[in-house]
Amino acid sequence: MSEASPTASPVAVADQGAVRVITVNRPDKLNALDAATLDALRQAFDAAADDAGVRCVVLTGAGPKAFVAGADISQMNTLSPVQGRDFSQRGQRLMRGIETMSKPVVAMINGFALGGGLELAMCCHLRIAADSAKLGQPEINLGLIPGFGGTQRLLRLAGRAATLELCLVGTPIDAARARELGIVNRVVAAAELEAETMKLAAQLADAAPLALRGIIDCVNVGGECGIEEGLAYETAQFGLMFSTGDMREGTGAFLERRKPAFEGR
Ligand code: COA
């Protein structure tokens with residue numbers, strides 16, 4: 001992860017068992033997201049989605065300082081309005097793709113997660129931050145607003161007050177405050193971050209893949225519709241689980257007092 005080379009591709013990929021680790025790999029630029037990096041991330045996530053051997057994804061940044069310090073400011077500085085719109089859509093497509101992916105994605109936040117970096121973390125299903133991490137939406141300081149979904153996902157994660165404060169004031173917050181606001185799920189000592197994240201990822205990789213997918217789909221759908229539609233969707237997904245071998249395996253293993261072996265069938 002942090003050993004990725006600054007001269008290599010902007011995204012590095014490595015497997016640990018059924019966990020795919022995707023690392024934004026521009027440490028000399030604090031892993032800032034330029035167009036090429038957004039495209040490389042999209043390819044990496046598409047490949048992870050299509051690979052049946054991958055059951056969980058961990059997303060992180062190379063180097064000791066940053067998860068991702070934002071969209072690439074030097075690239076944005078010269079964009080025309082139409083190019084700016086395209087850049088926003090490029091980021092949003094990537095991040096919506098991650099959010100709606102059928103496998104759990106865990107953001108391992110190893111340092112600065114600013115602007116597009118916090119937006120990238122927020123589209124993941126779970127977020128674990130080092131206690132040293134700093135998170136924020138500082139676009140206001142550049143005369144900009146978040147453009148990769150930040151105003152919308154932060155609003156859904158942390159509510160209006162926190163979203164308006166982070167985006168209007170622009171001052172980053174520490175990991176403990178992000179935990180209080182519900183922006184990250186867990187905060188761990190920086191030295192423990194990788195071990196704790198990989199432990200969680202291994203647990204997710206062992207879980208029933210079709211049930212994980214059902215939960216992600218229900219939360220994505222339910223977050224955007226009324227309670228009746230959300231409940232009906234949950235019921236349909238629940239019923240679908242009874243067509244899976246994994247449900248027979250999970251319930252059977254419980255009754256036989258053994259550990260289940262889920263295969264995603
Ligand atoms: N876009 C492009 N380059 C970036 C970047 C970004 N978002 N964030 C950092 N970098 C680059 C710096 O320009 C510098 O490159 P250089 O060595 O070629 O000059 C390198 O990464 C290291 O950053 P530096 O600013 O020297 O590190 P620092 O420890 O002094 O400060 C930050 C760290 C995160 C506080 C600072 O880099 C920063 O404020 N970055 C921008 C954050 C931001 O506004 N993000 C939202 C963008 S929409």
- Task: Provide a single number: the residues in the range 204-226 that are in contact with a Phe, Trp or Tyr (Cβ under 7 Å, 6 or more places away or on another chain) and over 11 Å from PHE262 (Cα atoms).
- Result: 3
- Task: Could you please give the count of residues in the range 115-135 that are more than 17 Å from LEU41 (Cα to Cα) and more than 8 Å from the ligand (Cβ to nearest atom)?
- Result: 9
- The helices (runs of 4 or more DSSP H) lying entirely within the range 191-242 that contain at least 1 residues which are open to solvent by less than 60 Å² (accessible area, probe 1.4 Å) and in contact with a Lys or Arg (Cβ under 8 Å, 6 or more places away or on another chain) are 193-206, 209-222
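Here's the yes/no breakdown for (1) in contact (Cβ under 8 Å) with a residue 24 or more places away in the chain; (2) surrounded by fewer than 22 Cβ atoms within 10 Å (Cβ to Cβ); (3) part of a helix (DSSP H, G or I); (4) not basic (Lys, Arg):
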position: THR37; (1), (2), (3), (4): yes, no, yes, yes
position: ALA49; (1), (2), (3), (4): yes, yes, yes, yes
position: VAL54; (1), (2), (3), (4): yes, yes, no, yes
position: LEU59; (1), (2), (3), (4): yes, no, no, yes
- Message: Pairs please, first residue from the range 110-124 and in contact (Cβ under 8 Å) with a residue 60 or more places away in the chain, second anywhere and among the hydroxyl-bearing types (Ser, Thr, Tyr) and open to solvent by less than 10 Å² (accessible area, probe 1.4 Å), Cβ atoms under 6 Å, 6+ apart in sequence or on different chains.
- Response: ASN110/THR60
- Item | Condition met for GLY147 (under 16 Å from PHE67 (Cβ atoms) and within 9 Å of the ligand (Cβ to nearest atom)) | no
- Note on the structure: Every listed condition ((1) surrounded by fewer than 16 Cβ atoms within 10 Å (Cβ to Cβ); (2) assigned to a helix (DSSP H, G or I)) holds for LEU120 save (1)
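The values are calculated or read from the model by the stated rules, or taken from the named source; none is laboratory data. Remember, predicted model here, so these are calculated numbers, not experimental data. Here the Cβ is made from the backbone with ideal geometry for all residues, glycine too, and neighbour counts use every protein chain on show. Heavy atoms of the whole protein, side chains included, go into the accessibility calculation; ligands, DNA and RNA do not. Shrake-Rupley method; radii C 1.70, N 1.55, O 1.52, S 1.80 Å.
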